[in-house]
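Worksheet: the structure to be examined is printed underneath.
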Amino acid sequence: MRILFVAAEVAPFAKTGGLADVALGLPRALASLGADVLVVMPKHRSVAAKAELREAARFTVPVSGQAKDCIAFRGTLPESKVPIYFLGNDAYFDRSAIYGEVSEYPDALERFTFLSRGALELCEALGWSPDIVHANDWHTALLPAYVKSLGLARSKGAKTVLTIHNLAYQGAFSRAQADTIGLTGADLEPYLRGDQVNLLRGGILTADLVNTVSPTYAKEILEHGDGLEAELRSRANALYGVLNGIDTTVWNPAADPLLWATYTRKNLAGKARNKELLQKELGLTVDSRAPLVGTISRLAEQKGFDLIMPAFDRLLDLGIQFVVLGSGAPEYERFFREAAERYRGRVAALITFSEEWAHRIEAASDIFLMPSRFEPCGLNQQYSLAYGTVPVVRATGGLRDTIVDVGSDKRRGNGFSFEAYTADEMLGALARAVTLHRDDPRGWRDIVMKGMDQDLSWENSAKAYRDLYRKLGR
Ligand code: ADP
């Protein structure tokens, strides 16, 4: 089975969120199952420092009716033989940020038209014919239409899959820009919505199969689909949910080079050591008994900061320490900087993006707080399970599929969850966690062990994707 997998970001070459992790983990796991996978992403500025690049092909890509130059460079996904091609056009991709500094770059539609169409032109240049063309999010949602309508020799007849990692981002542009994408008539129609171009809508209506990154989110979006409910319902028979795995070569506390001390489920001493050193480094009071609550996240509304901020004093009244790593909305950044000033020794705020600190916080924390308003899958609650850090989450989307509340099911319980999106419910769940942590070390350890024992690797998810591809007769 030959799979062309195209994404706007792939870890470790360029990353802003979970999409990049999936675009690394899934192709690698599919290759382990025997698939022939080829990954394509833009040659963002950050790529050159992270990959050994070899020029592989030169061709042009039609965008807005003009032939744009493309140099494709070849590399491999780390710890694998999976080839990845970086589509280079410096005018589009040699920029400081992947999508834009504050708001999206004004030529976003051109940039991602170039990526989608360029991926198929690459297949022509390489003489490589995919059976499956796998698109991800709005950036590559034009692929299904291009496969069906361009008649390119190599991709003609391929089956198309669109994975929605986050429905909130749809790639909406003014209709005046529709000429950019080079589709007309019935091919273009699905990509229009009112007076806008909407790439995700087009992908949903055109792909042979659509999936989201958790079963619960796949159901939720039929009711709350950010304006695309009708389109999603019309594809309900071709809409699936597959939970993301995690990259256990990168997220493994027993062999994590970014930690101060490694540890295993049999010997948690290293976890305590990470907590102590994190407290020291970040100016928190060194106290092994104080429940350390961690949060690592894009500082975006989706992630539940509207619950955390108004309840922050009450949260601290639970006797916890709090560490946040994230960047994003300026009002959230300001809030946490000020909170760290106000609660010296009890609150630490790292307003940045840092892989190193993400790993350290996962290892050092006792509790991971993730009160998302919605969550397509969520990775950090799964990293937390692997690191023996007990998740407290809102039961939505992938959080509902991965975290079982100990109160509702003692045997399977691996964390704490709450239903309604309110500060009181969040505080209630966190209070239950803090109480158990304080009063029942043995019970706490049981929950920690349950998380660390889970198989969260990509293998199961990759098998589920393979089954989806097979549904398409491949
Ligand atoms: P989303 O894709 O909505 O951002 P996910 O939980 O699916 O949420 O994935 C987020 C990924 O980005 C995780 O790997 C997480 O560790 C990482 N991440 C988010 N913010 C930061 C940050 N400030 N520093 C380091 N890693 C971060």
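The values are calculated or read from the model by the stated rules, or taken from the named source; none is laboratory data. Since this is a predicted model, take the numbers as computed values, not measurements. Ideal geometry is used to build each Cβ from the backbone, glycine not excepted, and the neighbour counts take in all protein chains shown. We work out accessible area using only protein heavy atoms, side chains counted, and drop any ligands, DNA or RNA first. Shrake-Rupley method; radii C 1.70, N 1.55, O 1.52, S 1.80 Å.
Numbers at a glance
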| item | result |
| --- | --- |
| Cα-Cα separations in the chain greater than 41 Å, expressed as whole percent | 19 percent |
| The range 269-455 pair-distance distribution - Cα-Cα, 10 Å bins, rounded % | 10, 42, 39, 9, 0 |
| Those trypsin sites (Lys or Arg not before Pro) in the range 50-86 that DSSP places in a loop and that have at most 12 other beta carbons within 10 Å | K81 |
| Positive-pole candidate from G443, F368, G319, dipole of the chain, charges at beta carbon | G443 |
| Diffusion constant of the range 87-163 at 20 °C, which comes from Stokes-Einstein with the Kirkwood Cα-pair radius and 1.002 mPa s, µm²/s | 162 µm²/s |
| Relative contact order (percent, whole number), the range 269-455, Cα cutoff 8 Å, 6+ residue spacing | 21 percent |
| Dipole of the range 288-403, positive direction: furthest Cα of L350, G388, S288, with charges on the beta-carbon | S288 |
| Net lengthening on full extension, L152/A172 (0.36 nm per residue, minus Cα-Cα) | 4.5 nm |
| Summed side-chain charge close to I98 - residues other than I98 whose Cβ falls under 12 Å, Lys, Arg +1, Asp, Glu -1 | +1 |
| Stretchable slack from D94 to R289, in nm (0.36 nm times residue separation minus alpha-carbon distance) | 65.4 nm |
| Accessible-area composition of the chain, carbon plus sulfur, in percent [1.4 Å probe] | 47 percent |
| Euclidean distance between Cα centres, the range 75-110 to the range 330-408, Å | 28 Å |
| Spacing of the two label points (7 Å from each Cα toward its C-beta) at E301 and L318, in nm | 2.5 nm |
| For the range 255-359, alpha-carbon Rg relative to the globular expectation (2.2 N^0.38 Å, N residues) | 1.10 |
| Simple label model, 7 Å out from Cα along Cβ direction - L268 to E79, nm | 2.5 nm |
| FRET efficiency estimate (nearest 0.05) - Cβ-Cβ, D424 to A49, R0 51 angstrom | 0.65 |
| Extended-chain gain in nm, criterion 0.36 nm per residue less alpha-carbon gap, R342 and R373 | 8.5 nm |
| For the chain: accessible area per residue (Å², 1.4 Å) | 39 Å² |
| Convex hull per residue volume in Å³, alpha carbons only, for the range 81-230 | 137 Å³ |
| Rounded FRET efficiency, nearest 0.05, which uses the C-beta distance separating D179 from D226 and R0 of 30 Å | 0.70 |
| Violating pairs (Cα-Cα greater than 22 angstrom) within the set K156/K471; K43/K159; K15/K219; K50/K303 | K43/K159; K15/K219; K50/K303 |
| Once the Cα gyration tensor of the range 47-101 is diagonalised, semi-axes √(5λ) in Å | 22, 16, 9 |
| Cβ charges +1 (Lys, Arg) and -1 (Asp, Glu), total dipole of the range 316-434, debye | 220 debye |
| 12 Å beta-carbon shell around H165, net charge (K/R +1, D/E -1) | -4 |
| Neighbour-limited loop hits for trypsin sites (Lys or Arg not before Pro), the range 1-33 (at most 16 other Cβ within 10 Å; DSSP other than H, G, I, E, B) | none |
| 20 Å cut-off, amide nitrogen to a point 7 angstrom out along S103 Cα→Cβ, residues in the range 167-186 | 168-178 |
